[in-house]
Amino acid sequence: MVTNKPKTITPSQTVGPFYAYCLSPVNYKFRMLASNSLVTKDVEGKHITLRGTVLDGDGLPVPDALIEIWQPDGLGRFSGHHPLLKTAEFKGFGRAMCDALGLFSFETVKPGGAPMRDGVIQAPHVAVSIFGKGLNRHLYTRVYFDDEEANKSDPVLNSIPEDLRSKLIAKEIEPDCYEISIRLQGEGESVFFDV
Amino acid sequence: MITDTPNPLEISTDYPLESTRAHPPMLTPSYVFTRKRAPHRPLRVIPHTLTELSGPIYGHDSVQPLDNDLTKQGEGEPIGERIFVHGQVMDEDGRAIPNTLIEIWQANAAGRYIHALDSHPAPLDPNFYGAGRTVTADDGTYTFTTIKPGPYPIMGLNNYWRPAHIHLSLFGPSFLTRLVTQLYFEGDPLIQHDMIYSTAPESSREAMIAKFDMSATKSEWALAYRFDIVLRGQKNTHIEA
Ligand SMILES: [Fe+2]
């Protein structure tokens, strides 16, 4: 059924400071739909921790930030889309709230490379959305991994000026634990995408 | 949104970027909290790859029957004006979006959230938690039963009141159709004073106002508001029947 073409899409608004009971009820009694752990019994891939901080233009923590991630499994397959993962328990989606210091962390698997439209395989990466008070629209970025040779030939990374690429790459700070700093504004500002 | 040019990649975007001009810019100084949080550098355009064109799937199995009735989640009935909020989720070409998750959260009738950090001195309602979920039907329609939220002050600002609103979160078919927005109620005099409502361009603001819907009111039960939600749509996949 085709209805009339709408005049506009519905505009975005800030998530505000009071979303936790619904979107991330870690401390409330509402049933959790998505948490900061993506690891399931059926998932293929190496377990890792992906953690980081969200800082504002003054370098201060953004304690109300909500981070969402979307990624394929260790073989580069997206849940619900790859024919073999239509009904997988692994969802590939996680949500984490920052704490008072702006810290967040996910338990997940290291993603495999997912294809571009032309079949070229991208370097392994996680898609990241950042929501918060004062963010009229969520910010979109990607997190790559510093131990991947494929970063050198990744088409998206290569489209970015060389001096900015490192901002998209998480560092392995201890075995299987990767860290990324998300700076919303100013010195060391992260790279955000218009998709 | 201003974007970098030139970009060394040949950019191919399945979802037109133009329609995202309906979104507010990142920096809107009158909404003061954007000042230290909006990026200074323009957002960079990248091609849409499988990462962006796929997205998490939360279908009918992810919600429970009472999740879309916020008046039935406590031991007793919550206080306030019972309302029925309904509408259709569609893409920018008017095609219905079935089987997509909608999450909502809101203040109670007194303008108070259950959130631990809400310090507004208004009462909590022991029978109202203010959150719900539903998944759209085959024709993209959805319904919620809830209590009309009260306006509330932003604490720390001088006599600043938010219009009554419901927060909504939707996924749509891909990671780039993700939308978090707010629903306002037709006729609310606070809307025109609201710095958050006004972050959106004038041409798209009204898309956030739910219309009083006499035809959907429930006799001796609830008033009704209609709120259609339009997500981004993919280019060139639509053939006129
Ligand atoms: Fe609110």
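Tabulated data for the structure shown
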quantity	calculated
Identity of the residue in region B:175-222, more than 14 Å from chain A (Cβ to nearest Cβ) and touching a residue at least 60 places away in the same chain (Cβ under 8 Å), that ends up farthest from residue B:87 (Cα to Cα)	B:221
Residues within region B:181-209 that are of a type in the set (Asp, Glu), farther than 19 Å from residue B:25 by Cα and within 15 Å of the ligand (Cβ to nearest atom), tallied	1
Matching residues in region B:85-113 - criterion: being crowded, with 21+ Cβ neighbours inside 10 Å, within 11 Å of another protein chain (Cβ to nearest Cβ) and either over 26 Å from residue A:26 (Cα atoms) or at pLDDT below 95 (or both)	B:87, B:89, B:90, B:91, B:92
Condition met for residue B:168 (within 14 Å of the ligand (Cβ to nearest atom) and within 10 Å of chain A (Cβ to nearest Cβ))	yes
Within region A:144-164, tally of residues that are assigned to a helix (DSSP H, G or I) and either open to solvent by 60 Å² or more (accessible area, probe 1.4 Å) or free of Cβ contacts under 8 Å to residues at least 24 places away in the same chain (or both)	6
Residue in region B:157-169 that is open to solvent by 10 Å² or more (accessible area, probe 1.4 Å), of a type in the set (A, V, I, L, M) and either touching a strand residue (DSSP E or B) at 6+ places or on another chain (Cβ under 7 Å) or within 30 Å of residue B:50 (Cβ to Cβ) (or both) present	no
Test: residue in region B:77-93 that is within 16 Å of the ligand (Cβ to nearest atom), within 30 Å of residue B:16 (Cβ to Cβ) and part of a strand (DSSP E or B)	yes
Checklist (1) farther than 27 Å from residue B:115 by Cβ; (2) of a type in the set (D, E, K, R); (3) more than 9 Å from chain A (Cβ to nearest Cβ); (4) in contact with a strand residue (DSSP E or B) (Cβ under 8 Å, 6 or more places away or on another chain) applied to residue B:235, failing item	(4)
Residue A:118, sole failed condition from (1) at pLDDT 95 or above; (2) over 15 Å from the mean Cα position of the chain (by Cα); (3) not hydroxyl-bearing (Ser, Thr, Tyr)	(1)
Wholly enclosed strands (runs of 3 or more DSSP E) of region B:160-216 bearing at least 2 residues within 10 Å of the chain's Cα centre (by Cα) and on the phi < 0 side of the Ramachandran plot	B:165-170, B:179-185
Filter pass, residue A:65 being open to solvent by less than 40 Å² (accessible area, probe 1.4 Å), under 30 Å from residue B:196 (Cα atoms) and aliphatic (A, V, I, L, M)	yes
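Yes/no matrix, rows are residues, columns are (1) in contact with a strand residue (DSSP E or B) (Cβ under 9 Å, 6 or more places away or on another chain); (2) within 10 Å of chain B (Cβ to nearest Cβ):
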| site | (1), (2) |
| --- | --- |
| A:61 | yes, no |
| A:78 | yes, yes |
| A:114 | yes, yes |
| A:136 | no, yes |
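The values are calculated or read from the model by the stated rules, or taken from the named source; none is laboratory data. All values reported here derive from a predicted model rather than from experimental measurement. Positions of Cβ are generated from backbone atoms using ideal geometry, with glycine treated the same way; all protein chains shown enter the neighbour counts. We work out accessible area using only protein heavy atoms, side chains counted, and drop any ligands, DNA or RNA first. Shrake-Rupley method; radii C 1.70, N 1.55, O 1.52, S 1.80 Å.
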